[in-house]
Amino acid sequence: MLMAHSKTQLPTSDSDVLADVMAGDVEAFEKIVDRHKNRLFNFVYRFVGDRETAEDIVQETFLRAFRRRKEYRAIANFSTWLFTIAGNLAKSELRRRKRWRFLSLNWDEESETGIEVPDESHRPDTMAETAMTDEMIQEAIESLPANYRKVILLRDVEGLSYQEIAKIVSRPVGTVKSRVNRARLRLQRRLKMEGRDVGLEV
Amino acid sequence: MDAHLKECPGCVEALNGVRRMRGRLGRLEQVRPSPDFTFAVRGKLLMEAARSRRGLTARITTWLFPTVPRTMLAGAFAVVVVVGLALIVNGPNRPLSTPKSHTQAVRESPPSQVHEIPSHYVLERIPPSSRRGMAISSRTYKIRGDSLSVPHSGRAANVQYVRF
């Protein structure tokens, strides 16, 4: 459904403009940007959970794709290639955050100005609400390991095929399927632990 | 699997839960970038395109001469330009550093009885011992047939013949 929607919005395909893109035509590349920015942004935002960072990552994705346009091989869709770049950048961002958090926590311990992190898991207002909002699901997604997060977003949020995802993450289709299933189970378990029922929605 | 599901309500519940989760994820709101996103990307792309155009010459130079300083390269380039211009002015068949033999010079002279021949070809033909006191006043000498008369200073009346 999502694919059909994209097609009606954008009548020309990537291959129509790729020759111009390869020659370094910025205007042609802007058509690619217009075509893919929303899906890429949605994917990256769901991955990193922050609008500003997501915009930076998607901008960098387009910039890298333009810079390395001659490395693109037509064995995969251009969109698959873009998702690969965006996914790698998003994963690096998560890694960077993890390092930074580790360092900053160490610093806070030493300087005795530790940050008080509120425990929101037992807040009465959230406990009372059993239906799931987008934010709750987003939080649950962000609790997943990066490998699981990437595949479940590509499959269940962006609606990519298992074959496309396999190319993006450079893993066999079987591995991707199993990761997607595990990610779904983890999400479900996590939400249940917090007292959410997937069946009850806002 | 179907047979197992018929007998196992726990697995049915888990499967339904996964299906519901999948459906719910598909209905998450589509988050869009800010309105100035395209403008920002365009700016970066244009800068990148300009940088790659500017950088092409520099990249080629660096690749060809990775350790040579830029000033030296500029000097070498200037020399190449000057030599190239000189070659164009003098004509492609007249390299500056390799004078032709006198016979060749004579052969290529205009087919008339009186030719002009450059003085260095004349000097090549005269033994060094005979050149003493010789005044080479002009860049060319007239040649008649296959011999030429060279004015010999010091002895005004004397004329030395040079045969080609």
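The values are calculated or read from the model by the stated rules, or taken from the named source; none is laboratory data. Bear in mind the structure is a predicted one, so any value in this text is a computation, not a measurement. Counting neighbours? That spans all protein chains shown, and the Cβs are built from the backbone with ideal geometry, glycine included.
One table, with the values for the structure above:
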| read-out | value |
| --- | --- |
| Those residues of the range A:34-60 which are within 21 Å of A:ASP14 (Cα to Cα), more than 10 Å from every other protein chain (Cβ to nearest Cβ) and either among the acidic types (Asp, Glu) or assigned to a loop (DSSP other than H, G, I, E, B) (or both), in sequence order | none |
| Residue match in the range A:23-30 (condition: within 14 Å of another protein chain (Cβ to nearest Cβ), touching a residue at least 24 places away in the same chain (Cβ under 8 Å) and under 23 Å from A:ILE165 (Cβ atoms)) | no |
| Any hit, the range A:68-86, residues being farther than 22 Å from A:VAL21 by Cα and aliphatic (A, V, I, L, M) | no |
| Selection status of B:ARG24, basic (Lys, Arg), facing chain A (nearest Cβ under 9 Å), farther than 15 Å from A:VAL157 by Cβ and surrounded by 16 or more Cβ atoms within 10 Å (Cβ to Cβ) | no |
| Selection within the range A:31-45 - surrounded by 24 or more Cβ atoms within 10 Å (Cβ to Cβ) and either touching a residue at least 60 places away in the same chain (Cβ under 8 Å) or in contact with an Asp or Glu (Cβ under 8 Å, 6 or more places away or on another chain) (or both) | A:PHE41, A:PHE43 |
| Residue count for the range A:55-77, restricted to those that are crowded, with 20+ Cβ neighbours inside 10 Å and touching a residue at least 24 places away in the same chain (Cβ under 8 Å) | 6 |
| Inter-residue pairs, beta-carbon under 7 Å, first closer than 23 Å to A:TYR162 by Cα and buried (at least 16 other Cβ atoms within 10 Å of the Cβ) and in the range A:181-197, second at pLDDT 85 or above and hydroxyl-bearing (Ser, Thr, Tyr), 6+ apart | A:ARG182/A:TYR148; A:ALA183/A:TYR148; A:ARG186/A:TYR148 |
| Lone qualifier among A:LEU94, A:LEU18, A:LEU103, A:LEU40 - being at pLDDT below 75 and out of contact with any Pro (no Cβ under 7 Å at 6 or more places or on another chain) | A:LEU103 |
| Residue that is at pLDDT below 90 and either within 14 Å of chain B (Cβ to nearest Cβ) or out of contact with any His (no Cβ under 6 Å at 6 or more places or on another chain) (or both), where the choices are A:GLU164, A:GLU158, A:GLU142, A:GLU112 | A:GLU112 |
| Which numbered condition A:ARG186 misses (of (1) assigned to a helix (DSSP H, G or I); (2) within 23 Å of A:LEU89 (Cβ to Cβ)) | (2) |
| Residue within the range A:73-82 that is farther than 27 Å from A:ALA140 by Cα and within 12 Å of chain B (Cβ to nearest Cβ) present | no |
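Residue-wise test of (1) of a type outside the set (Ser, Thr, Tyr); (2) more than 22 Å from the chain's Cα centre (by Cα); (3) within 25 Å of A:GLN163 (Cβ to Cβ); (4) part of a helix (DSSP H, G or I).
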| position | (1), (2), (3), (4) |
| --- | --- |
| A:PHE62 | yes, no, yes, yes |
| A:PHE66 | yes, no, no, yes |
| A:ALA76 | yes, no, yes, no |
| A:LEU89 | yes, no, yes, yes |
